[in-house]
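A.B. asks: A single structure is presented below for examination.
The values are calculated or read from the model by the stated rules, or taken from the named source; none is laboratory data. Just so we're clear, the structure is a prediction, and the values are computed from it rather than from any experiment. Backbone-built Cβ (ideal geometry, glycine too); neighbour counts: all protein chains shown. With ligands, DNA and RNA removed, areas are computed over all heavy atoms of the protein, side chains included. Shrake-Rupley method; radii C 1.70, N 1.55, O 1.52, S 1.80 Å.
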Amino acid sequence: MILPQLLDMTLKGWWTVGSQPAVDSAPSNDEIVGWGPAGGYVFQKSFVEFFCDEDSLRELEAKVRGENGWVTWYAANSQEEAFNIWSQWALLYPPNSDTRVLLEKMRDTRWLVSIVHHNFKEPDALWKLLLDQ
């Protein structure tokens, strides 16, 4: 459902770690988004969580400001558990190795961003915002 958009994000250098599509009243037994017993309906807001650089973060801030309450978002760097994992992973490689340098750079320069778009009736709203689609 959202694989093309996630690929586009990756091509922008945004590394996704979690996501879900917007869903408006899909049957609860739907093969892809359904859950629970038959006879119910699924409603969910789209969201994506990803790592990006600071320039991308500033670009996103400007876009989110224009959404008039349709978007909730959060961004952090270096304070979150996710960033501790970069450090732990880097320790597996020799000091000054290409891999360790890359992992430490990611820890020091990337932001973890989480964005929820509240308009589940427009399934492409989040992706239009992020990817100008």
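A.B. asks: Please work out if Glu31 is farther than 21 Å from Glu104 by Cα, exposed (fewer than 13 other Cβ atoms within 10 Å of the Cβ) and out of contact with any Asp or Glu (no Cβ under 9 Å at 6 or more places or on another chain).
C.D. replies: Taking the combined requirement at face value, the residue satisfies it.
A.B. asks: Just to be sure before I move on: is Lys121 in contact with an Asp or Glu (Cβ under 6 Å, 6 or more places away or on another chain) and either in contact (Cβ under 8 Å) with a residue 12 or more places away in the chain or open to solvent by 80 Å² or more (accessible area, probe 1.4 Å) (or both) in the structure I sent?
C.D. replies: On the way: in contact with an Asp or Glu (Cβ under 6 Å, 6 or more places away or on another chain): yes; either in contact (Cβ under 8 Å) with a residue 12 or more places away in the chain or open to solvent by 80 Å² or more (accessible area, probe 1.4 Å) (or both): yes.
Yes; evaluated as a whole, the condition is true for this residue.
A.B. asks: Take region 1-20 and flag every residue that is open to solvent by 40 Å² or more (accessible area, probe 1.4 Å), farther than 9 Å from Val48 by Cα and among the aliphatic types (A, V, I, L, M).
C.D. replies: Going through region 1-20, the residues open to solvent by 40 Å² or more (accessible area, probe 1.4 Å) turn out to be 1, 3-4, 7-8, 10-12, 15-17, 19-20.
With farther than 9 Å from Val48 by Cα added as a condition, the list becomes 1, 3-4, 7-8, 10-12, 15.
Scanning region 1-20 gives Met1, Leu3, Leu7, Leu11.
A.B. asks: Same structure again: Go through region 87-116 residue by residue and tally those that are in contact with a helix residue (DSSP H, G or I) (Cβ under 9 Å, 6 or more places away or on another chain) and touching a residue at least 24 places away in the same chain (Cβ under 8 Å).
C.D. replies: The qualifying residues number 10.
A.B. asks: Assuming Ala76 fulfils every condition listed in (1) open to solvent by 40 Å² or more (accessible area, probe 1.4 Å); (2) at pLDDT below 95 apart from one, which condition is it?
C.D. replies: (1)
A.B. asks: Further question: Quick check on my filter: what residues within region 59-86 are part of a strand (DSSP E or B) and of a type in the set (Ser, Thr, Tyr)?
C.D. replies: First, pick out the residues of region 59-86 that are part of a strand (DSSP E or B): 71-76.
Residues satisfying the conditions are Thr72, Tyr74.
A.B. asks: Given the conditions (1) modelled with pLDDT of 90 or more; (2) in contact with an Asp or Glu (Cβ under 9 Å, 6 or more places away or on another chain); (3) buried (at least 16 other Cβ atoms within 10 Å of the Cβ), and given that Glu104 satisfies all but one, which numbered condition is not satisfied?
C.D. replies: (2)
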